[in-house]
Ligand code: ADP
């Protein structure tokens with residue numbers, strides 16, 4: 001089989017820079033695709049954390065002026081990844097969140113920052129680096145959508161193109177007044193181009209020009225064809241449904257391995273699950289929860305936003321507590337929801353533990369120590385925490401939406417009878433249905449035979465990148481140029 005050269009582009013890559021699941025996927029795919037004879041180089045912005053990880057980086061190109069200032073394209077290896085960083089301090093030399101300033105507002109020049117990222121990627125795709133000819137370009141989310149517009153209007157050998165949607169809620173829309181500054185020809189400004197209801201749409205551009213479109217679960221791929229979930233892009237997506245598919249995310253099963261995880265108080269496995277109890281008591285102690293091995297402990301690790309349905313969980317706190325449950329919260333996000341959990345923890349010492357912040361190690365400990373992990377999202381393209389839950393024996397209790405419905409098998413009587421259930425689902429995502437789901441979970445928790453069976457089924461499910469990587473590789477081979 002011919003080795004395929006894949007040029008990926010994304011605004012985040014784990015472990016160099018991460019705000020969410022996008023980074024995990026972009027960081028894990030290169031190693032997974034290597035097993036499929038696909039060699040990946042990834043273009044990312046030269047944020048401070050990225051540049052710090054490339055001390056021996058080599059400048060492949062230098063620009064006196066690139067989208068408003070001097071820039072370099074730096075090649076280097078970091079964490080086993082083959083990185084091409086756009087080192088442009090005027091665009092990316094800012095600490096903290098990649099998209100917004102200290103006041104939480106999007107940087108006003110995001111249009112320029114991510115146009116620059118897309119432009120450099122398109123240039124590389126079309127042959128700007130001597131001796132490097134990628135077969136396929138894989139662009140992730142709106143920050144990279146203009147890449148395919150730039151490629152469309154460039155001459156020469158064009159690699160195949162794939163646009164992956166990780167979250168349709170983020171579309172990158174900007175004023176049409178900026179169009180002349182993007183360096184695209186006038187004919188690109190139209191509904192048959194980058195225009196989106198009178199604005200410029202970066203994701204729209206990517207979806208329009210890509211050879212293939214993927215999203216991160218089959219169920220989300222179906223949902224976003226509907227006006228209810230399509231967020232204004234459903235018409236375009238329906239029009240392109242012949243080239244669209246859903247490929248589930250995997251997780252990095254080395255990074256997330258309860259048998260070797262350095263963050264845990266006690267390592268465990270599917271065949272030796274008993275030490276898991278030590279992780280529960282360590283988590284209870286860390287969060288100031290009562291040391292109670294019999295209390296059902298629910299965990300959440302998440303961005304605290306409306307999407308994630310956590311206002312409904314806050315409303316359900318009295319129901320949880322009245323049934324003797326405990327709650328472990330790790331998250332950061334909207335001040336109102338953060339405040340809600342802080343207040344709930346303060347009002348219920350010993351029963352609710354809450355860390356507002358981002359903490360990779362604690363995320364592992366919450367998954368290893370909780371009996372169940374809650375993911376009550378209103379919409380969820382794929383979701384990763386329920387996959388971590390499956391692998392770590394924290395039974396997922398999830399909303400029946402998007403990737404959550406694709407990855408968790410509900411413990412209804414038929415699935416229990418067939419011995420295949422791995423968690424609990426509820427729909428629609430309302431206070432009442434969540435209340436019922438929590439009650440149902442606690443009922444099953446109090447039947448150890450069933451609960452242990454759910455856990456064993458979950459821990460046996462394949463949540464690795466193996467199957468998804470095969471699917472991506474097969475698609476890349478279909479669209480790679482013949483030469
Ligand atoms: P999204 O990308 O919408 O935030 P995902 O479930 O796809 O949701 O991915 C979220 C990722 O971010 C997971 O790897 C999760 O463990 C991680 N994560 C979210 N919040 C935190 C946090 N506060 N601390 C540590 N990890 C977090």
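No lab work stands behind these numbers, since they all come straight from the coordinates. Fair warning: this is a prediction, and the values are worked out from it, not measured in the lab. Cβ: placed from backbone, ideal geometry, glycine included. Neighbour counts: every protein chain shown.
The overall shape of the range 370-432 is oblate: from the C-alpha gyration tensor, with semi-axes ordered a ≥ b ≥ c, the ratio a/c is 1.5 or greater and a/b is no larger than b/c.
Entry note, the chain: the mean residue ellipticity at 222 nm calculated from DSSP H runs of n ≥ 4, each adding -39500 (n - 2.57), is -10500 deg cm²/dmol after division by the residues and rounding to the nearest 500. From the alpha carbon centroid of the range 316-368 to that of the range 211-248 is 34 Å. The distance linking the range 433-463 with the range 376-405 is 13 Å (Cα centroid to Cα centroid, whole angstrom). Taking other C-beta atoms within 10 angstrom as a stand-in for reagent exposure, 391, 238 fall in the order 238, 391, fewest first.
Can you give the relative contact order of the range 276-459 as a percent, counting alpha carbon pairs under 8 Å and 6+ residues apart? Across the range 276-459, relative contact order equals 21 percent. With the convex hull of the Cα atoms taken as the outline of the range 84-136, the averaged projected area works out to 4.4 nm². The per residue volume of the convex hull around the alpha-carbon atoms of the range 335-404 is 106 Å³. Looking at the square roots a ≥ b ≥ c of the eigenvalues of the Cα gyration tensor of the range 152-200, which shape do they give, rounded for a/c under 1.5, prolate if a/b is larger than b/c, or oblate? The shape class here is oblate.
Each of 126, 151 was scored by other Cβ atoms within 10 Å of its Cβ. Listed from fewest to most, they are 126, 151. Dividing the Cα radius of gyration of the range 163-249 by 2.2 N^0.38 Å, with N the residue count, gives 1.09.
Under the rule a/c < 1.5 gives rounded, and otherwise a/b versus b/c splits prolate from oblate, where does the range 328-476 land using the Cα gyration tensor?
Oblate shape, in that a/c is at least 1.5 and b/c is the bigger or equal ratio.
As a length-normalised measure over Cα pairs under 8 Å and 6 or more apart, the relative contact order of the chain settles at 12 percent. Roughly what percent of Cα-Cα pairs across the chain reach past 32 Å? Tail of the P(r) past 32 Å holds 41 percent of the pairs. Summary value for the range 58-110: 22 percent relative contact order, contacts being C-alpha pairs under 8 angstrom separated by 6+ residues. Cβ-to-Cβ counts within 10 Å put 223, 478, 65 in ascending order as 65, 478, 223, the fewest first.
Any idea what diffusion coefficient the range 187-294 gets from Stokes-Einstein, in µm²/s, Kirkwood Rh on alpha carbon pairs, 20 °C, 1.002 mPa s?
119
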